[in-house]
Every structure is written in C-alpha cells, then in structure tokens.
Amino acid sequence: MSIAFRLDATDGPARAGLLTTPHGAVPMPAFMPVATQASVKALSPQEVRQVGATIVLANTYHLYLRPGVERVAQAGGLHRFMRWDGPLLTDSGGFQAYSLGGLRSITGEGVLFKSYLDGSEHLFTPEAVIAYQEALGADIIMPLDQCAPYGEGHAELEAAVERTYGWAVRSQGARRRADQALFGIVQGGTSERLRREAAQAITSLDFPGYAIGGLSVGESKEDTYRMAELTAVQLPADRPRYLMGVGSPEDLVACVARGIDLFDCALPTRVARNGALFTPQGRVNITNARFREMDVPFQEGCDCYTCQGFSAAYLHHLFKAQELLAYRLATIHNLRFVLRLMEEMRRVILEGRFEAYARAFLSTYRSADQEVRVEQRRRWRPKQARQVEQTGLQE
Ligand SMILES: [Zn+2]
C-alpha cells in the first residue's frame, strides 16, 4: 500500500479530504512544515506534533549532500533517523539545485550543480533522484522537474514543460519500491496554455497525486492564484493536489478557495526566527517597542504553547537578548497559527460555510506580500544567492 485519498466534502472549489499513508492519515487541506535538514528548525518532533502538524517535508538536496542518503538508509530510513513517525514527503532536490546558486547546466540527462557546502560537482538525474528518495523512505516522493525561473521566455517555459514530462516518465520507470507514492508535477510558469498542456500530459501518466510547481517564485499574487486555479481544475478530483512552496496565511486561504489540498513553505518558520509573528490582522514584529511592557499573551485566544504560557513582553525580551528559546516559542506560535487555519478551513468546508470564512479572514488579514516577494526574487538570482551556511537561518 502506498497512499489512498478520500474526498470528504467540497464547498465551491474548496475541498476537504483525507490522505492515508503507511505512517498515518493527513486530514486535508493540510500544511507541511519544512524540515530542510531532517529537522523543523528549533523544534523537536514532539513539538511539531503538538502544534498540529500531520505531515512534514524534508529536502532531498540537503540530505543527499549531508549526511548522505546512504547514511540515512543505514540509520533505518528518514522516519527513524529524525524520529518522526508520521507521514513524510521528500522533494526531488531540483529546486535547491536550481536556486541555491550552484547551478551549472540543465541537459536532457539531468541537472549538474555545485554543492553549496564544498563546491563539488553533482549530477541529479530523474533515476538517481528516485533512488535517493527510495533510500530516504518518505511516504510521498517527487520526480525531478524543471522549474524555470520567473521571467523566462515562452520558448524556455515550453522546453521546461517538455523536459518535466520526459523526466516524469523516466521517474516512473525508475521506481523499485511499491510503498511510496510518486506525485506528478505540473509546470508552465504563468502561461495559461502551457499550464493546461502540462496538466493534460502529466495527468495522462496517472499519478496518485499531483503537484503544481513553479509558482510563488516572483510573479504577482494574482498570477499565482490564477495559475493555481486553472491548473487545479485540470486535475482529477479523486487525487490530492499539492501547491509547492506556497504558505503565507493569506495564500493558504486564497488557494484552498481555488481547490488546493496540500501546501509546504519555509516562510512561517523562517519569519518566526526573525521575530515576525502571525496575527489575524497580519504579521507583526515582536521586537517592536510596543511589546516591551505587554504582560499579556502575544495573541489573545491563541491556543499555542507560547501564547498559553508566556507574555508578549517576555517574548520581546527573549528576542532582544537573542535567547535561543525565542526562536522556539516564535516558531511554535507561527506554525500553530497556520495549522489551526488549516483545521478551521477543513471544518468550515465540511459545514458548507467556507466562502464566508475565507472572505472574513482575507478582509482582516493584511498581507506582508511585497517584502516576501522581493526576498523570493533575490533568492532566484544565482549570482546574488546567499550562502546558506553563513546565516544558518535559511531553508
Ligand atoms: Zn500563539
């Protein structure tokens, strides 16, 4: 058995479903915290559970480079190595090979890149990436795809779509394990025609789930939403739909409203470590002076461990003093905020009142959009890519 998907209810395009994996069930819509290096930064697996996560994502690129997929396999597989016994997804590593500044070339064979750790050269082929993910042993694995950078011309986008299709076929043929689910990935940039063609081609290969890739890489929010919507309607209703790399609160609501079931994004945990915490009104920074004497929880009514036990003033103090607990408490709050949002959306879809809920949330939540998009664009320019190792704060 690999996975099974059951659609429980729809409310307009919004869907509530249940994904069953060999390591447990994932009520949907769902958000996956990102465990880049086999760890959700600052949290123990127990805390990841406690904030309400049902599935996490780990990065093949990082684990391939360090400690090595064979090392993880020898340690009993990724679930055991990182002590996460729940559902687990690994990405193909392609996105990091493209975006972390070490890209050498993309050919029909695969992706040639330099390690950000020591500059050594590596080739990711579709077959190799499947073998690495089979060694890691996640419940859901992803094929190598070509995600064209934002701003590429139509011919380049079209070539990326064709290559992604060819690699998807090769990925299917390379599989040896039957207990993992391989998803298909739909690329196509912001071209409506390419998205439709890519969706038709990839769904013809009959994957147990589908991902929408190449969005939230610098395009406008309107384009992200438009592409997610028009791609989602091309996908079979009886398979889970995963929008890769999207996870700000307003994007989660807007994209569930467009028929997406599954998300991952490093943003909630990354901004938490910078002191930016989610509230129903938008993101605010806990280091702001107005929190210095606020001897009440950061967010009244929040059911997270941080807000239940600590004051905003204490959290403010921890950040000012650069105490390690600051990163942990802030990460707990942001993840709980996002995961509670997913739980609430599932409930209101089941109750048939999603539209009113989404409208109310989006009318209150002020987007920190611009800042985020500038950051994403910066990350996409290889020459300007920052050294991940230097900051230790990046996913
Ligand atoms: Zn909280």
Among Gly275, Gly259, the single one that is within 23 Å of the chain's Cα centre (by Cα) and within 29 Å of Ala211 (Cα to Cα) is Gly259
Among Ala326, Ala312, the single one that is under 26 Å from the mean Cα position of the chain (by Cα), buried (at least 21 other Cβ atoms within 10 Å of the Cβ), over 19 Å from Val256 (Cβ atoms) and within 15 Å of the ligand (Cβ to nearest atom) is Ala326
Pairs returned, first residue in the range 298-325 that is not assigned by TED's automatic domain parsing to the domain that holds Lys41, second residue that is near the ligand (Cβ under 8 Å from one of its atoms) and modelled with pLDDT under 95, beta-carbon separation under 8 angstrom, 6 or more apart or interchain, are none
Among residues of the range 253-280 being away from the ligand (no atom under 16 Å from the Cβ), in contact with a strand residue (DSSP E or B) (Cβ under 6 Å, 6 or more places away or on another chain) and hydrophobic (A, V, I, L, M, F, W, C), the residue most open to solvent (accessible area, probe 1.4 Å) is Ala257
Selection over the range 281-305 where residues are of a type in the set (D, E, K, R) and surrounded by 15 or more Cβ atoms within 10 Å (Cβ to Cβ) yields a count of 1
- Message: Tell me yes or no: at least one residue of the range 170-180 is under 23 Å from Leu78 (Cβ atoms), open to solvent by less than 40 Å² (accessible area, probe 1.4 Å) and in a helix (DSSP H, G or I).
- Response: yes
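The values are calculated or read from the model by the stated rules, or taken from the named source; none is laboratory data. Note that this is a predicted model, so its numbers are computed, not measured. Using ideal geometry, Cβ is built from the backbone for each residue, glycine included, and neighbour counts are taken over all protein chains shown. Heavy atoms of the whole protein, side chains included, go into the accessibility calculation; ligands, DNA and RNA do not. Shrake-Rupley method; radii C 1.70, N 1.55, O 1.52, S 1.80 Å.
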